[in-house]
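Q: Encoded as structure tokens, here's the structure I'll be asking about.
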Amino acid sequence: MSYYFTILSPTDAPLFNIAFGTSKSGGDGIARFRFPDTAQYMNQFIIHSSLDIVEEAQWMNGNMYLKHIDTYPPAAAFISAFLAPSGARFLLLHQPPQLPTAGSAAAASTGVGAAAGSGSVSGSSGASSLLGSSFAATASSSRTSSSSIAANPTSPQTEEAVRQFMNEVYENYVKTVMSPFYRQGMEIRSPVFRTRVTAAGKKWL
Amino acid sequence: MSQPRHNTMLSLSRTTSNTPSPAEKHHQHHPSQQIQSAPLSSPSPGLRVPSNRKTIYDRHLNRSRNSELSRASFAFLFGEMVTYAQRRVTGIQDLEKRLNEQGYPLGLRLLDLLFYRTISSSTSSALSSSSSTSASPPNRPLRILPLLHLIHGPLWRLLFGRAADALEHSVSPETPNEYMITDNDPMVNTYISVPREMSMLNCAAFVAGIIEGVCDGCGFETKVTAHNQPTELWPGRTIFLLRFGDSVMEREKVLERAGVK
Amino acid sequence: MTSPGDAAPVKPPPSFSPGVARASSTSRYSTHASQRRDSVQSLDSNHVDPSVGPSPPPLSATTELPIRSASPYARSLRSSTPQLNRSSLASPDGGRFEGAEDVRSLIIRAFSPVVGVYASVDTDDLVHQKGFPGGFWGLIRPFGEDVPGKIVIRDSVGSSRGWEDYGVRFVDLGGQARYPPDATPGQPPPLTQIDEALTKDLEAAENPLARTLRPKDLAGASTISPLYKDFLHQLLSIPSATPHETFRHPVASVIAISSRNTSPLETLRQLYADTTNGDRRLPEWIHPEYLRYYVLVHDEDRDDIAESTKLYDQMKRHFGLHCHLLRLRSNQCVVTDDDSVEVPECEWVSPAERLSGSAEPLVDLDTDGRLYLFESDVMAIKAFVRELVAQSVIPFMENRVAVWNDQVASRRRGISGRFMSMSRRWAGFGSSSRSSLTGSAGGVSGNYDGARGFYRPDVPEAVLRKMADFAFMLRDWKLAASTYELIRSDYANDKAWKYHAGVHEMCAISLLLNPVSMPAKTKLGDIDQMLDTACYSYHTRCSDVPNALRCLTLAVELLKSRGGLATESAARWAMRAMDLGLVGSIGQVLLSERISACYASRPPLPGVRWGARYRKAGMWSVLAADLWLQLGQPSLASACLEEAEHLYASVLDRNEGVFPMPEMQAFVDNLRHTIQVEYLEARGLNTQESLDAVPPMDTQETSEKLDKRQHRRSLVVNPLESGIQDLADNEGHPDDDFERA
């Protein structure tokens, strides 16, 4: 699983960005996006486009953690959102690693009937080209060890892990905000904050 | 203006000097040699860590939640703030606007702190006791009423150790967007004596700014002003008038239809 | 994206665009339209023509059909355009556009009944003499696609409805190639052909002489790009007569002789025999009982009308009422003739035909290649087609649907059908001998010929499918959907996967077409489920890429036209189509544009700022622009980018038109720059010179704006705070060590 975490101000300005990989099940914590050459801007495009959903969910749901709110199927990118009460948005893009094709074919064959309802049009094999890279096999099948976070971005376990991560980041965010030298809307440049976020990622994701 | 009569310690849910606190935030209004030593928000090469190697990230946000702050020092500080704001102002309105602006960023911060404290302490019922939801973690206010309850109860308790005294809705059909929060004896005005020729002035405009910050942070475009409404019993009685913007009222209707509470 | 400071992106010059193919196609539509307007008059004039003789005057017969005039709806509906009104009334919100009806009509017309044409040699000779290389079929083919006047159809509950845009497709049963066309091994698969045809279109667009305006002005997200429309057209024109669906099976067949024939009745019998059990017999999976329609073509220029009339009377005695006397002149008509009328072009041209150019919409603007007919001939053919459709084909289909509904479907719908999943084993249709419980597979009827992959046309599974298809072509989507529903599980039990896929596909589509039942959210889920099943069966089980693509594309369009929540579903299906690799490189871009259009068609909720999907729409437009650029189409890329700017405008206005995220801004700036350069290069201009006009890319500018944004605008900047701001800025630009992913 690769992660791209962003904090956006209420006016969509990015306050903080970090990309990291999973440290669970032997991961080395380095992000390996499926399309490394386009990941830089694509991650931002995907996150930016998910704000359409965030803005809607924001007023329908009073929770701070909004869970998984959006998916970008071509890159198998899942977006989870957390809203700070003062309007900052924490957005986490997570992308499961590309499975070997055999595995995803098996996952796809698990079920016509079982294939997800309206919400998830995912799970596919086959490759074509978009933006010069190959389309990814989305493995959202519940068969691939649903207990591990890496395999299934929409499982309850993942939701819980992301929630923990978000809460920990929130704590550090509040500390940042409490600094008299911080004004809302300023980019967060503290290396300590970055270390803290990295540590939270290592701990939970 | 400020007259420290007693050295009473007041439970303000305040912090002591080293921890980030609303009070300390006002340091930013001090001249800039303070800022030069800003330990935290500068990029790594110039990062200066305090001698005890502890940054703000190493301190627990709840550490000082039950500690107390000297009312005298607060009164002194606030007096200085008013004095500072009074420089080069054109009139009472201008002065109130400045005070409001000083309070606004505080409101934004308090909002995050308030929610954080509610999440992190299961024992606390600061938010849930009066806000419409009692579930933890607390909900962000989506409608006007929960927001007002949040201000009236938890926010006031965080700031002044007690809830505000009244919460009213305008009865005039022309101004359905107006709400009033009443404080019979605003703590900030305790040691403020307003000269006769400025009798319109209410230094609780600072608190109005805080309220405005809280509302704005939650996504409610609002204008908040403080007005003197003395009664015999409460000569310092102050009314905070909240006027929500049109976009907020439009949204209220949509959310009402959608059944959002 | 375009802040006032920026120079405008390269605007496609007015000459930009889609190319002649499209230009001519628009003219084609307008011809159609004008002809349609004319049609009433022309038919009337025909109606009073005394020379028609004993043959009933075509139009009056239709309007006087007792059944139809008995229906109170029939006449009242005539005055309005019922289809448009009804479905737009039923739409959930006002966020729909003209384009939606356009596409809807296109899809509906794509599933028109097929009428075979089998003409005697002398008839074809006569037509060849008129200068039509395609014979009798080639002559009448364009006229079948748009039947003049309103066609009134009764649905299963007896209410009538008029359709302005009804049509049939004539196919040649007598030509060199057999119908249905086999997939000849030498030919590339249809999707490749579509891709090639699109490439050809694009090349045509490149040709500066052939430029016409790309309809950017009618743009906005709602309208459909001509190229995409072309793509849809071709996709729906793939001549795929297959066992699993009967849309391309002939509903009727026109058997034609001419007045030149020396032994007319024998020839007619011979022609009939050829198509029934002779060498022109259709494959055995096509139901052999379809309507035969006999036509006598009278040569006005050379033969005696009295003779023909006598012969026609004879025909009617022998073959019954489904006869027509078609009076044509055998002389060739040229443009200089007084009453010459240009022959309309065929709308539904298969990709192969288009590639071979035989039916290519006339690309060269010189008039030589065009065909002309005398006005009287056009009138006669139109009257013939109208009579054929209104008096024979439609009543025949209505009748079949009623009969099958009564005999086959109602048994299945009965109590037994509802409560016993394997009821047909007892219902006894097809009298399956293997009605023993065969275990877990859940009832195999034995009607399915697994080895050859089809049901015989007379078993209930096939009959029900045919009935549903008939209902579908008669635009009775409610009945169609319920019938498809009825047989869905049968095919799965028999492991007839292609049937299985097809029935799920059509079930979803008829549910979506049915204007009355607006799918609620749960229903949308059902439809998604069906589409998923159809797509899986087509693609994974049967490797039938064209049908999988057809299924998804139709789903996208129809869901999109539903508006609201469905548009998001539409976008997801389009992504699925891309994801599965069903389309070529041009198709990928077209689908990207379409996804953008899907998102863009979702308007914000009234009174609040959320609900729209402008960011998503904008993103897909940017991606489409990038893809066009990679295909070397800077002009199309430029159009997409412009569209993206338009979409982003409302989102970015609070950020002064600049993307908040630096990499996005850099990417878009880069893209704009490259498009400009490539566009100018393509036009052979000196790029260096004009580059001066290009604004320097300045991400720095962006990042500075980052910090100046205030959380609230209600208060003036606090001088103190901005003082700190300056300080922070002095320490280095905030963006400098921005963490890159």
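Values in this text are rule-based calculations from the coordinates and carry no lab data. Bear in mind that the values here come from a model prediction, so they are computed numbers and not experimental data. Reconstructed Cβ throughout: ideal geometry from the backbone, glycine too, with neighbour counts over all protein chains shown.
Q: Over all residues in B:199-210, what is the mean tally of Cβ atoms on other chains that come within 10 Å of each residue's Cβ?
A: 0
Q: Order these by the 10 Å Cβ neighbour count, fewest first: B:211, B:119.
A: Ordered from fewest to most neighbouring Cβ atoms within 10 Å, B:211, B:119 come out as B:119, B:211.
Q: Can you check what the Kirkwood hydrodynamic radius comes to for the range B:204-245, Cα pairs only, in Å to one decimal?
A: Computed over Cα pairs of the range B:204-245, the Kirkwood hydrodynamic radius comes out at 10.7 Å.
Q: Counting other beta carbons within 10 Å of each residue's own, what order do C:628, C:285, B:234 fall into, fewest first?
A: Fewest-to-most Cβ neighbours within 10 Å comes out as B:234, C:285, C:628.
Q: For the pair residue A:199 and residue B:162, how long in nm is the line joining their label points, each one 7 Å along Cα→Cβ?
A: Placing both labels 7 Å along Cα→Cβ, they lie 4.1 nm apart.
Q: A further question follows. Please sort by residue number the trypsin sites (Lys or Arg not before Pro) in the range B:151-196 whose DSSP state is loop and whose Cβ has at most 10 other Cβ atoms within 10 Å.
A: Filter output for the range B:151-196: empty list.
Q: May I pose another question? What order, most packed first, do the peptides A:36-45, B:182-191 have when packing is the mean number of other Cβ atoms within 10 Å of each residue?
A: By packing density, highest mean first, the sequence is A:36-45, B:182-191.
Q: Separate question: Could you give the nm distance between label points at residue C:279 and residue B:62, where each point is 7 Å from its Cα heading toward the beta carbon?
A: Between residue C:279 and residue B:62, the simple spin-label model gives 9.3 nm.
Q: Over 26 Å between Cα atoms: which of A:175/B:223; A:203/C:616; A:24/A:67; C:130/C:229; B:253/C:523; C:478/C:523 fall into that group?
A: Check vs 26 Å cut-off fails for A:175/B:223; A:203/C:616; C:130/C:229; B:253/C:523.
Q: Count neighbours as other Cβ atoms within 10 Å of each site's Cβ, and list the trypsin sites (Lys or Arg not before Pro) in the range A:172-202 that are DSSP loop with at most 10 such neighbours.
A: none
Q: Another question, if that's okay. Which distance in Å, rounded to a whole number, links the C-alpha centroids of the range C:118-132 and the range C:222-243?
A: Centre-to-centre distance over Cα atoms comes out at 31 Å.
Q: Right, next: Give the peptides C:339-352, B:95-108 in descending order of average Cβ contacts within 10 Å, highest first.
A: B:95-108, C:339-352
Q: Pop a pseudo-label 7 angstrom from the Cα along the beta-carbon direction at both residue C:630 and residue C:407 and give the gap in nm to one decimal.
A: It is 5.6 nm.
Q: Once the Cα gyration tensor of the range A:15-72 is diagonalised, what are the square roots of 5 times its eigenvalues, in whole Å and ordered largest first, as equivalent ellipsoid semi-axes?
A: For the range A:15-72, the ellipsoid semi-axes come out as 25, 16, 10 Å.
Q: Sticking with this structure for a sec: Quick check on the exposure proxy: order C:608, B:82 from fewest to most C-beta atoms within 10 angstrom.
A: C:608, B:82
Q: Could you work out the mean count of beta carbons from other protein chains within 10 Å of each residue's beta carbon in B:141-150?
A: Mean inter-chain Cβ contacts per residue within 10 Å come to 1.
Q: Please compute, for peptide C:579-587, the average count of beta-carbon atoms on other protein chains lying within 10 Å of each residue's beta-carbon.
A: 4
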